[in-house]
Amino acid sequence: MKPRLRFAPSPTGYLHIGGARTALFNWLYARRHGGTFVLRIEDTDQERSTPESLQAILDGLTWLGIDWDEGPGKGGGHGPYFQMKKLGRYTELAEQLIATGWAYRDYSTEAELSDARKAFAAEKGLKDGDDLRSAGFKFTSPWRDKTEQLDRPALIRFKMPKRDGRFGFDDLVLNRIEKPYDDFDDFVILRSDGVPLYNFGCVVDDHDMAISHVARGQEHINSTFPQLMLYEAFGWTPPQFAHIPLIFAQDNSKLSKRKHPEADVMRHKGNGILPNALINFIARLGWSHGNEELFTRDELIAKFDFEHVGKSQGVWNPSKLVATNKHWIKTTEPLQVAMQLLPFLQAAGAPDAVVDAKLELGVKAFAERSASLVEMAEKLRNYYSHGITIDGAAAAKHLTPEGKVLLGKARDEFAKLTEWTTAAIDPLMKTVAEANATKPGAVAQPVRVAATGGTESPGIGVTLELLGREETFHRIDAALR
C-alpha cells in the first residue's frame, strides 16, 4: 500500500521552523513513495487557537511549497480535518473503551488530586515547583474499579493494565525504544467537556485517516507509549514511528518561539530568503545524504529517507542559511526570482516596478552580488529612480576635469547608438579609451559614477541597459554640469 503521512499542527501561533521541518520530512516521504500527505488541525486548545494562527500556518506551508493532498481547503475522504468538528467520534470511542474495561469515569475532584500531589511531595521531601511526575508520582483514582455513574461531569481515564516487563516499538530513526509498564499511570483521554487530550485524539485521528507513518519530534517519544496502549485496546494496527531530532539554537537551547526570532518561518520570507533555500537548509538540519549540502526540491524527494535522519539535534547556523540562499539566488530562474523580488523592490522605493524584462535583467545583474532579496532590492532600487545623488569621494576621484572629458566623449558615442543593449554599449569603453590613449577602465569609472552615484556596479553595458537611454543621458548630463 502507498504510505499516508500527516502534519498535525495546533493553531496557536506562527509556523515554527521545527514544525516546518516535520511537515517537510513527512511530505518528502509521501512524495517519494507516491503516497498521500494530510494536513490535520489539532485545535482542541480553544483558549489559544485562533483563525489568525491557522492562516499563518497555511501561509507558511504554502510559501514553502509544502502542499497537502487532504485537509483544509482540499477536503478528502477521511475528514473532518479539524478535531473540534469530531467531538462525537471521540466520545463514542471513549464509551467503547469503558464498555470493554479499558477505561473508566473518574469523578475525582481537583481538590482530591491536589491532596494526592501534596501527600506525595511531602513523602518524598519535594519542594514547590519540583516535577512530581519525574519523581514518580502516579495518581490512583478511587474510581478505577467502579462502574456507577453519577450526575456530575467526569473525566475519562484509560486503565493501564497491571503488567510486569517492558513494552515498546521499533523507531525508524532511533531503533528499538522500550519502557516498563509500571512507568505509566491511568492517563486522561477525554475531558469532562468531551474534548480529547492529545494522546487520545492523535490515535483516533491517525486511525481514522489511515495514517501509515508518523514522523514527529523526539519530544513526543514519551507520548508514543500510551498511544501504543490505546492501539492495543482498540485492536488497531499502529503506524510506523520516526522520531526526528530537535533543532537547537546557537545558544545550545531548543529553538523556541519565545527566545529565538529565527524560529518563525515567515520571518525568513521577510528577510529575503527564497523558499527553496529555506527548504534546502532545514532538510539538512537532521538529515544527510553523504557530504552533499545543496539539493533541489526534486532531488530531496528522490533521496529522502528516514534511515539517514540523525539521532542528535540539528543546530541552527545562520551563516549556512545565508550561503544556501546565495546559491539559490544565483541558480534559480531569473523570472522566478523577479516575482519574489518585486514586493521587496517596491517597498525599497520603487513602487512602479513590475515583473518585466528590465527586472529580469536586474536579477541577472545582481544575482552574484546578493545574499538576500532584501539586499538585491536595495541594490536595484536606484535603477528605478529619476536622478541620483553622487557620492562625494567617488566624484572627487573620478569626476575630475580629465574624467569629465572622458565622460563627455563616452556620451557622444552613446548618442550614436541605434539600439540600447549591453552588447552595443560595452565596446564603446574600448573605443573611447583608444581614441584618448587611455585604458577602458579610465572611461568606465566616470560613466559608472555618473550613472549610479558610486564606484561599484555590474558591467557598464548592463548598468546602462538597466537604466535605459533617457535616464542614462539625464544622469550623465547632470554629472557633467
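The values are calculated or read from the model by the stated rules, or taken from the named source; none is laboratory data. The shown structure was predicted, so the numbers you read here are calculated from the model rather than taken from an experiment. Don't worry about glycine lacking a Cβ; one is built from the backbone with ideal geometry, like all the others, and counts go over all protein chains shown. Please note that ligands, DNA and RNA were not included when accessible areas were found on the heavy atoms of the full protein model with its side chains. Shrake-Rupley method; radii C 1.70, N 1.55, O 1.52, S 1.80 Å.
At a glance:
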read-out: Residue list for the stretch 368-397, restricted to those being over 23 Å from Arg469 (Cα atoms) and under 27 Å from the mean Cα position of the chain (by Cα); value: Glu368, Arg369, Ser370, Ala371, Ser372, Leu373, Val374, Glu375
read-out: Unique match (being under 23 Å from Val214 (Cα atoms), crowded, with 17+ Cβ neighbours inside 10 Å, modelled with pLDDT of 95 or more and not hydrophobic (A, V, I, L, M, F, W, C)) among Lys74, Lys2, Lys86; value: Lys86
read-out: Per-region count, the stretch 98-126, residues open to solvent by 30 Å² or more (accessible area, probe 1.4 Å) and at pLDDT 90 or above; value: 6
read-out: Criterion: within 21 Å of Ala111 (Cα to Cα) and open to solvent by less than 50 Å² (accessible area, probe 1.4 Å) - qualifying residue of Ser212, Ser141, Ser192; value: Ser141
read-out: Single unsatisfied condition, Lys326 versus (1) over 28 Å from Leu58 (Cβ atoms); (2) in contact with a strand residue (DSSP E or B) (Cβ under 9 Å, 6 or more places away or on another chain); value: (2)
read-out: Residue pairs meeting the criteria (Cβ under 8 Å; at least 6 apart or on separate chains; first open to solvent by 100 Å² or more (accessible area, probe 1.4 Å), in the stretch 43-55; second of a type in the set (A, V, I, L, M, F, W, C) and assigned to a loop (DSSP other than H, G, I, E, B)); value: Gln46/Val195
read-out: Identity of the residue in the stretch 422-481, among the hydroxyl-bearing types (Ser, Thr, Tyr), in contact (Cβ under 8 Å) with a residue 60 or more places away in the chain and in a helix (DSSP H, G or I), that ends up most open to solvent (accessible area, probe 1.4 Å); value: Thr452
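This table checks each residue for (1) under 18 Å from Glu368 (Cβ atoms); (2) touching a Leu at 6+ places or on another chain (Cβ under 8 Å); (3) modelled with pLDDT of 95 or more.
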residue	(1), (2), (3)
Ala424	no, yes, yes
Lys430	no, no, yes
Ala435	no, no, yes
Val443	no, yes, yes
Ala451	no, yes, yes
Gly454	yes, no, yes
Ile460	yes, no, yes
Gly468	no, no, yes
